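Chemist: Next up is a structure, given as structure tokens.
Coordinate-derived values only; no laboratory data. All of these numbers come straight from a predicted model, not from anything done at the bench. Every residue, glycine among them, receives a Cβ derived from its backbone with ideal geometry; neighbour counts consider all protein chains shown.
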Amino acid sequence: MTSAADRDLAEWDAEIEAAFFPRKTNGRPDRQPAPAKRKKKGEPFVQVPLWWIEAAAKDIGSPATLVLIELLYAAWKAKSSTFPLPNGRLKALGVSREIKRRILHDLERRPVILVERSKGRAPRVTLVGL
């Protein structure tokens with residue numbers, strides 16, 4: 001059996017707990033908190049280490065794959081769908097400027113990308129649809 005003093009302490013504890021640890025009730029004290037909303041599923045997405053894609057693209061002899069991956073990486077790094085694409089990193093991956101030029105023209109015809117060219121400068125690429 002509980003005494004009046006025990007009940008008073010229990011009520012006081014409940015009041016303190018309610019004040020410091022409020023519960024989300026969706027505006028209705030008789031309900032449980034609302035479940036967290038799930039994100040809507042979008043397009044399928046995959047995260048792959050760059051070294052793995054580079055190794056696979058080199059093994060199958062696909063410089064176009066290397067350029068595509070570099071386009072996505074450069075956009076992510078720039079935090080923008082428009083970015084410069086210099087030759088340096090592609091050259092380190094074994095893609096010449098001529099192959100880069102040809103692949104950019106092919107992608108531009110589809111139209112997957114837009115390219116702004118200036119003499120003596122790296123082309124500025126804009127990814128379309130991302």
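Chemist: Which lysines, if any, have their Cα less than 30 Å from the Cα of LYS41, not counting same-chain residues under 8 positions apart?
Modeler: LYS24, LYS77, LYS79
Chemist: So, one more: Give the cross-link partners of LYS119 among the lysines, using a straight C-alpha distance below 17 Å as the criterion and excluding same-chain residues fewer than 8 apart.
Modeler: The qualifying lysines are LYS100.
Chemist: Sorted by packing (mean other beta-carbon atoms within 10 Å per residue), highest first, where do 100-106, 13-19 land?
Modeler: 100-106, 13-19
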